[in-house]
Amino acid sequence: MVALRLGSVAPDFDADTTSGPINFHKFIGDSWAVLFSHPADFTPVCTTELGEVAKLAPEFAKRNVKVIGLSTNGLGDHAKWVDDINEVNNVNLAFPIIADADRSVATLYDMLDSVEHDASNVVNGIPFTVRSVFIIDPAKKIRLILTYPASCGRNFDEILRTIDSLQLSDRQPIATPANWQPGEDVIVHVGVTTERAKEIFPTVREALPYLRFATLPKEN
């Protein structure tokens, strides 16, 4: 299995989901995608996470992002679990959840846990998935990989923030500083001269020769 890195093409696959059969690359289409995994159905942390993503569905749609979950149970369990998620979180979960009972997709994306890391996440020698997140762009390239332990729920506001940063840096020659939030100043890309930056951005402030902050121009 080839190691997945930033810039790798996201492996394609066919799978059954709660929204019907999909081909992953066709599912993504011309959108961005977030693929995020769960150790198993009816797990407490995952129940809160899936509810949170359902609440944030308009925010993902606004950014042209399709979300798709994965868990290592079959569709029958998924359907019952979605009922629980909707009831507890007061949502209507509408995005697909992959049924990966044979762990084929989890293996393809190297999502499986190990006894060395967390013996409680391996039952009868069969590993469950860790909490993986892959952000994938419309070219099907992996742009971000996050891995959380089974005990730690994900921060989906941070995932939205990283999508904002990635999409912005695709449109403008910039990087984003620590703790950046949309609307705040950005860092001028190292490949852009200060003279050129002053032509692109409304204001440029040189803190160091290699660190220049800029205000973004208004976008339509």
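A few remarks follow.
- Which listed pairs, of Lys140/Lys198; Lys198/Lys218; Lys26/Lys141; Lys62/Lys140; Lys26/Lys62; Lys62/Lys141, have C-alpha distances above 25 Å, in listed order: Lys140/Lys198
- A Förster radius of 30 Å combined with the Cβ-Cβ distance from Phe13 to Glu219 puts the calculated FRET efficiency at roughly 0.30.
- FRET E, pair Lys62, Asn90, Förster distance 22 Å, beta-carbon r, rounded to 0.05: 0.55
- Residue-by-residue Karplus 3J(HN,Hα) for the stretch 76-82, coefficients 6.51, -1.76, 1.60, Hz, glycine and proline x: x, 5, 4, 4, 5, 5, 4
- Length gained when the stretch Ser104-Asn155 is fully extended (0.36 nm per residue, less Cα-Cα span): 15.7 nm
- Solvent-accessible area, 1.4 Å probe, carbon plus sulfur percent, for the stretch 153-219: 51
- Å² per residue, accessible surface of the chain at 1.4 Å: 51
- Size of charge dipole - the chain - debye, nearest 20, with Cβ of Lys, Arg +1 and Asp, Glu -1, no other charges: 820
- Point-to-point label distance, Ser169-Glu206, nm (Cα→Cβ direction, 7 Å offset): 2.4
- Share of carbon and sulfur in the accessible area of the stretch 1-107 stands at 52%, probe radius 1.4 Å.
- For Ile174, nonlocal amide neighbours, meaning residues 5 or more places apart or on other chains whose placed amide H falls under 5 Å from its own, are His189.
- With 0.36 nm allotted per residue and the present C-alpha distance subtracted, the Glu184-Lys198 stretch has 3.3 nm of extension available.
- Partner lysines whose Cα lies under 21 Å from the Cα of Lys55, excluding those fewer than 8 positions away in the same chain, are identified as Lys66, Lys80.
The values are calculated or read from the model by the stated rules, or taken from the named source; none is laboratory data. All values derive from a computational prediction rather than experimental measurement. As a convention, Cβ positions derive from the backbone with ideal geometry for all residues, glycine included, and neighbour counts pool all protein chains shown. Just the protein is used for accessible areas: all its heavy atoms, side chains included, with ligands, DNA and RNA removed. Shrake-Rupley method; radii C 1.70, N 1.55, O 1.52, S 1.80 Å.
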